[in-house]
Amino acid sequence: MARIAFIGLGHMGGGMAPNLVKAGHEVRAFDLSEEALAQADEGGCIRAGSTEEAVKDAEAVITMLPAGKHVAEVHRDHVFGKAPSSALLIDCSTIDVATARSVEEDAAAQGYAMVDAPVSGGIAAAAGGTLTFMVGGSDEAFARAQPILDPMAKAVIHAGGPGAGQAAKICNNMILGATMVATCEGFAMAKKLGLDLQTFFDISSKASGQSWSMTSYCPVPGVGPETPADHDYEGGFAAALMLKDLKLAMDAAQSAGAYTPMGSEAEELFQRFVDRGGGGKDFSGIIKMIDDSWKVPEE
Ligand code: NAD
């Protein structure tokens, strides 16, 4: 059993923290939102009045925050110097590689071991303890992080040194964004060419057009396994979050000098879908913009 501070109990963190409690850990939780704190309390966490109070005698500090600026601010203003220097810092948020590396450098300068450990899998996987963690950090820090992450995970994979978890996450999601758009285009065109979409799925899912976006997350209602397409694109992975990840990927591509024309096109298309009111829909809902059946919601 370890004393774990958990900061950020929103859609993801709110599902993850109770799995640590179930595994026998003592979890001290803090969030700026009273509603999130009340839910964490119901999940067996101990409410803290501030980040400082949560981390004060923690053996590990987990953060699950919206973006890089929150991760940097929480660590620099509320964790460094407040948590014991023996505490392992684990940031599970999805943030830009540069901020992840700079916060990890500052942590090391203050004597802390830290890893970036972003996740694949959405709200259901967070609650079900079946997330995939991609971890960046030293071998020693990874070895310490793995048993803490295990109760929340289907897989915990060491991606490499500091920032490597974030790098793996955005490269993966850039592939996902682009393959989803390509899959949507394929189905929309198949329909215009008069193909039956179930028949096209039966063919393409066993041919070279196959991908996760097609066989596990088909964007067409009633075709393939049950997906958000069968629920009017509600639930799942919001288009606004896909856009966030594509923007992070494009920033990283620019700083690394990587040529990513498909990623850049996917970013532009998701930006257009979000601008037309699709941000709250599952990202596969972009098929409705591609086949021109999307109705812009009224203000
Ligand atoms: P969320 O907005 O629901 O939760 C973030 C929480 O952080 C909120 O409850 C907010 O009040 C809290 N917070 C913000 N600033 C804080 C501070 N200074 N101190 C304490 N608490 C603070 O977001 P989410 O959907 O849970 O996503 C969290 C992270 O996980 C994001 O980086 C996101 O990109 C990533 N992610 C999300 C999903 C998903 O499907 N939602 C999937 C994979 C990864």
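The values are calculated or read from the model by the stated rules, or taken from the named source; none is laboratory data. Just so it is clear, the structure is predicted and the values come from calculations on it, not from any experiment. Neighbour counts run over all protein chains shown; Cβ positions are idealised from the backbone, glycine included. SASA here: full protein model, heavy atoms, side chains in, ligands and nucleic acids out. Shrake-Rupley method; radii C 1.70, N 1.55, O 1.52, S 1.80 Å.
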Would you mind telling me the share, in percent, of accessible area of the chain contributed by carbon and sulfur at probe 1.4 angstrom? 54
How would the range 1-149 be classified by its alpha-carbon gyration tensor: rounded, prolate or oblate, with rounded meaning a/c under 1.5 and the a/b versus b/c comparison settling the rest? rounded
Between ARG28 and residues 5 or more places away or on another chain, which pairs have amide H atoms under 5 Å apart, with H built 1.01 Å from N, and which residues are they? ILE4, ALA5, PHE6, ILE46
Counting only residues 5 or more places away or on other chains, whose amide H sits under 5 Å from the amide H of VAL156 once H atoms are built in the peptide plane? PHE133
Fluctuation leader among ILE286, ILE123, ILE157 - the chain, Gaussian network, Cα springs under 10 angstrom: ILE157
Please enumerate, by chain and number, the lysines with C-alpha under 27 Å from the C-alpha of LYS192, excluding those fewer than 8 residues away in the same chain. LYS206, LYS281, LYS288, LYS295
Pick from ASP282, ASP57, ASP196: which residue has the top mean-square fluctuation in a GNM of the chain where Cα pairs under 10 Å get a spring? ASP196
Principal axis box of the range 167-266, alpha-carbon based, largest edge first, Å: 44, 28, 21
Which ³J(HN,Hα) values in Hz, rounded to whole numbers, follow from the phi angles of the range 246-252 under the Karplus curve 6.51 cos²θ - 1.76 cosθ + 1.60, where θ = phi - 60° and Gly and Pro get x? 5, 5, 4, 5, 5, 4, 5
In whole Hz and in residue order, list the ³J(HN,Hα) couplings for the range 277-290 that follow from phi through the Karplus curve 6.51 cos²θ - 1.76 cosθ + 1.60, θ = phi - 60°; x for Gly and Pro. x, x, x, x, 7, 4, 5, 5, x, 4, 4, 6, 6, 6
Mean-square fluctuation check for the chain, GNM, Cα pairs under 10 Å: which of LEU197, LEU269, LEU37 is largest? LEU197
With an 8 Å Cα cut-off and a minimum separation of 6 or more residues, compute the relative contact order for the range 67-199 in percent. 21
For the range 50-66, 3J(HN,Hα) per residue [Karplus equation, 6.51 cos²θ - 1.76 cosθ + 1.60, θ = phi - 60°, Hz, x = Gly/Pro]: 7, 4, 3, 5, 5, 8, 3, 10, 6, 8, 9, 10, 10, 10, 9, 10, x
Once you have a ≥ b ≥ c as the square roots of the Cα gyration tensor eigenvalues for the range 208-299, tell me rounded if a/c is under 1.5, and otherwise prolate or oblate according to whether a/b is larger than b/c. oblate
Let me check against my output: what whole-number percent is the relative contact order of the chain, with C-alpha pairs under 8 Å and at least 6 apart? 12
Taking a ≥ b ≥ c as the square roots of the eigenvalues of the Cα gyration tensor, with a/c under 1.5 meaning rounded and otherwise prolate when a/b exceeds b/c and oblate if not, the chain is prolate
Too long for a 29 Å Cα-Cα cut-off, among LYS22/LYS247; LYS82/LYS154; LYS22/LYS56, are LYS22/LYS247; LYS82/LYS154
List every residue whose amide H lies under 5 Å from the amide H of ALA113, counting only residues 5 or more places away in sequence or on a different chain, with H placed 1.01 Å from N in the peptide plane. LEU89
Estimated distance in nm for a label pair at ASP275 and ASP77, the labels positioned 7 Å out from Cα along Cα-to-Cβ: 3.3
Within the chain, helix-based [θ] at 222 nm, where runs of 4 or more DSSP H residues each add -39,500 (n - 2.57), nearest 500: -13500 deg cm²/dmol
Neighbour cut-off at most 13 other Cβ (10 Å), DSSP loop, GluC sites (Glu not before Pro), the range 168-254: GLU226, GLU234
Over the chain, with neighbouring protein chains present, the accessible area per residue in Å² at probe 1.4 Å is 46
